[in-house]
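*Asks:* Structure incoming, see below.
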Amino acid sequence: MSTQTEFPSDDPDVPHTSKGLVDRGRRERAWEEQEPGERLTAWLASLVRDREYGQLAELRRPRVRTNTRIRAGWLDPDRREVFEEVAFLFAVYHRGAVRPSYGFGSLGAAARRIGGGAGRGPNDPGASRLIDRIVSSRRIPWRHLQHTVARLRSCDQAPPDWTRLADDLGRWNDRKAAVADGWAVDFHEPARTGDSAGKRDTTADTTEKGTTT
């Protein structure tokens, strides 16, 4: 007897079982073709879309080995700590959210969006101090990364690209990758004409953060 999940069909002429198996096969192939970081982002986004607030709350419990946190690490056993901590950062940003935000740009580019009316990024003293501490750290500066994500949330600005963040942090100690240097460049990059780095970007980050009642 098959134990595969059957998906309902919108077409009454197509048997539920056959269409369900086809849909399942397509989803499984799409999942298998994704890189680990993409799988992590897709799974985390599904928690927000499906209103899995309990699991998201579990991810926000630092240093507690919950089932949800362990599952995040299983998506790439070679980078278990990185995936678990990125899941934590994702959950911190999405506290109370009703739609997932996939983010865009590196962590350095995201930090450039921190600030207010007096200035953002390099023109915001707090953001400058924060990025300086991050890029000068030999070890992954999880506490400062959490502060960055929390500030982006409070400023109503898009987060970094979560898939890229996981990949970057997985190469933090790779000198050839020079992740920290790249973040510093992205943060201090001279503003372009019409630069909207300090504005809420609703085009690059198509799934914005919402609030619950």
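The values are calculated or read from the model by the stated rules, or taken from the named source; none is laboratory data. Not measured: the values here are computed from a predicted model. Ideal geometry is used to build each Cβ from the backbone, glycine not excepted, and the neighbour counts take in all protein chains shown. Ligands, DNA and RNA are excluded from the accessible area calculation, which covers all protein heavy atoms including side chains. Shrake-Rupley method; radii C 1.70, N 1.55, O 1.52, S 1.80 Å.
*Asks:* Which pairs have Cβ atoms under 6 Å, sit 6 or more apart or on different chains, and link a residue in the range 170-186 that is within 22 Å of GLU84 (Cα to Cα) and of a type in the set (Val, Ile, Thr) to one that is part of a helix (DSSP H, G or I) and at pLDDT 95 or above?
*Replies:* Every condition considered, the pairs that remain are VAL179/ASP168.
*Asks:* When you look at SER137, is it assigned to a helix (DSSP H, G or I), over 20 Å from THR41 (Cα atoms) and at pLDDT 95 or above, yes or no?
*Replies:* no
*Asks:* So, in the range 145-183, of the ones that are outside any helix (DSSP H, G or I) and acidic (Asp, Glu), which residue ends up surrounded by the most Cβ atoms within 10 Å (Cβ to Cβ)?
*Replies:* Step by step, filter the range 145-183, then rank; the result is ASP161.
*Asks:* If GLU84 satisfies every condition in (1) surrounded by fewer than 20 Cβ atoms within 10 Å (Cβ to Cβ); (2) at pLDDT 95 or above but one, which is the exception?
*Replies:* Among (1) surrounded by fewer than 20 Cβ atoms within 10 Å (Cβ to Cβ); (2) at pLDDT 95 or above, GLU84 violates only (1).
*Asks:* Sticking with this structure for a sec: Can you give me the number of residues within the range 87-99 that are under 14 Å from THR163 (Cα atoms) and open to solvent by 10 Å² or more (accessible area, probe 1.4 Å)?
*Replies:* Selection size over the range 87-99: 1.
*Asks:* With the requirement that a residue be open to solvent by less than 60 Å² (accessible area, probe 1.4 Å) and touching a helix residue (DSSP H, G or I) at 6+ places or on another chain (Cβ under 6 Å), what does the range 131-144 give you?
*Replies:* Correct list: ILE131, ILE134, VAL135, ILE140, PRO141, TRP142, HIS144.
*Asks:* Let me ask something additional. Filter the range 59-81 down to residues that are part of a loop (DSSP other than H, G, I, E, B) and open to solvent by 30 Å² or more (accessible area, probe 1.4 Å), then give me how many there are.
*Replies:* Qualifying residue count for the region: 7.
*Asks:* From GLY105, GLY116, grab the single residue that is over 18 Å from GLY170 (Cβ atoms) and either surrounded by fewer than 22 Cβ atoms within 10 Å (Cβ to Cβ) or within 15 Å of the chain's Cα centre (by Cα) (or both).
*Replies:* GLY116
*Asks:* When ARG143 is evaluated against the numbered criteria (1) basic (Lys, Arg); (2) closer than 17 Å to ALA87 by Cα; (3) touching a residue at least 40 places away in the same chain (Cβ under 8 Å), which criterion, by number, is the only one it fails?
*Replies:* The single condition ARG143 does not satisfy is (3).
*Asks:* Also: Which residue, of ARG133, ARG129, ARG113, is farther than 23 Å from ARG80 by Cα and in contact with a Leu (Cβ under 9 Å, 6 or more places away or on another chain)?
*Replies:* Exactly one residue qualifies, and that residue is ARG113.
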